[in-house]
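Here the structure is laid out as structure tokens; the discussion comes afterwards.
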Amino acid sequence: MKKFLLSTLMLLAATAGWADALSDYGVITEQPAGELKTYDRSGYAYYVVNDYVRRGAQTGTMDVVFAEGNEVYIKDPLSKLIVNTWVKGTLSDDGTTITLPLGQNIQYDTEAQQPIAIKMVENSCGSVFGFHK
């Protein structure tokens with residue numbers, strides 16, 4: 001019982017630190033107000049892991065909130081990094097294109113003590129969209 005309680009307290013302390021770090025870096029953790037729609041994912045995304053670019057299929061579903069003033073929020077834009085956070089974008093006037101500004105933090109890596117953001121990275125094959133520390 002003591003081990004379980006200690007483990008639970010350690011987990012709660014780690015989670016509290018993670019939550020503080022998220023708000024410090026502008027990570028959106030609460031679902032924004034607006035009309036929620038769910039879409040099937042398809043296509044591919046690229047990820048930088050240990051300084052190597054990896055390609056992965058986008059799978060599952062993705063929640064999108066359409067808010068006032070052409071604001072759009074996407075939950076977990078990359079299916080390989082499900083962290084229950086949102087990124088903010090803009091819907092075009094004709095309603096056909098969502099633009100996401102790069103550099104938005106989507107998570108905080110407590111081990112590396114730095115935020116994880118959606119960015120454009122460049123490798124020998126050219127530029128790709130994904131996430132990077």
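The values are calculated or read from the model by the stated rules, or taken from the named source; none is laboratory data. Just so it is clear, the model here is predicted, and its values are computed rather than measured. Every residue, glycine among them, receives a Cβ derived from its backbone with ideal geometry; neighbour counts consider all protein chains shown.
Restricting attention to segment 63-78, the residues being crowded, with 17+ Cβ neighbours inside 10 Å and farther than 15 Å from Asn105 by Cα number 3. Hey, could you check segment 50-91 for residues that are small (Gly, Ala, Ser), at pLDDT below 95 and not in a strand (DSSP E or B) and say which is farthest from the chain's Cα centre (by Cα)? So, considering only residues that are small (Gly, Ala, Ser), at pLDDT below 95 and not in a strand (DSSP E or B), the one farthest from the chain's Cα centre (by Cα) is Gly69.
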